[in-house]
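Since the structure comes first, as structure tokens, the remarks are kept for the end.
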Amino acid sequence: MNSGLYTLNREMAQSNTCTLKTTATQPVFGSGNRHAKVVFIGEAPGKHEDLAGEPFVGAAGKMLDQLLESIDLLRSDVYITNVVKYRPPNNRDPHRDEVRACWPWLLEEIHLVTPDLIIPLGRHALTRFIPDGKISAMHGTSFACEIPELSRYKYYALYHPAAALYNGSLRSVLFEDFSRIPQILSSKTATR
């Protein structure tokens, strides 16, 4: 891991005020290529991620690996992280104060990686960037973000890989949306 990300994670793990610290096994840091062109952002760690200390290592992670391979990428080519760095109990949705506590951590991760494309995975991650965004309407589309600290990046909305595990009809949709990532990366503008 890059020393900047290592330092960020070490400092944030100590100073972060997210109340989930008291129930989680450990923080789940982002992983992957420090110079990645693409950053994938999930909502929060699940049980397997909490135990391993790494994002997307369960069944959804295996699906993400398949999706990456479908466009000739590996985990080592991208950067993967979450909005919240600690597992919510029983995989419940993170509360607003928990998201707020981890938000500066995510912002700094993005600034250190400086990707060409940010991909929120699923409705929860999407609404952190587009509060009224509906993943069913926005999946497979690029969009501009109105968050001042992040306005210079391109975005592309995708269903969470777990959605394809629970709803088989979304599998082909997710693979089709994923196939557009190389084109989005080469595009000069993002549209909403």
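At-a-glance table
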| item | result |
| --- | --- |
| Where labels lie 7 Å past Cα in the beta-carbon direction, separation of SER15 and ALA137 in nm | 3.9 |
| Assigned charges on the beta-carbon of Lys, Arg, Asp, Glu; the chain dipole about Cα centre (debye) | 180 |
| With Cα atoms, 0 to 90° folded angle of helix 169-179 axis to the chain main axis | 80 |
| Gain on full stretching of the segment that runs from GLU149 to SER169 - 0.36 nm per residue minus C-alpha separation | 3.6 nm |
| Residue-averaged 222 nm ellipticity for the chain, from DSSP H runs of 4+ at -39500 (n - 2.57), nearest 500 | -12500 deg cm²/dmol |
| Exposure proxy order (Cβ contacts within 10 Å, fewest to most) of ILE41, ILE130 | ILE130, ILE41 |
| Too-long pairs where the Cα-Cα distance tops 19 Å, listed order kept, from LYS37/LYS154; LYS37/LYS134; LYS47/LYS85 | LYS37/LYS134 |
| Percentage relative contact order, segment 47-192, counting C-alpha pairs under 8 Å, at least six apart | 23 |
| Charged-residue dipole, Cβ positions (Lys, Arg, Asp, Glu), segment 40-117 about Cα centre, Debye nearest 20 | 340 |
| Fraction of antiparallel bridges per DSSP, the chain only, in percent to nearest 5 | 25 |
| Computed magnitude of the charge dipole of segment 99-181 (debye, nearest 20; Cβ of K, R +1, Cβ of D, E -1) | 200 |
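Only the coordinates and a few stated rules stand behind these numbers; no lab work does. Source: prediction; values computed, not measured. Note: ideal-geometry Cβ built from the backbone for every residue, glycine included; neighbour counts use all protein chains shown.
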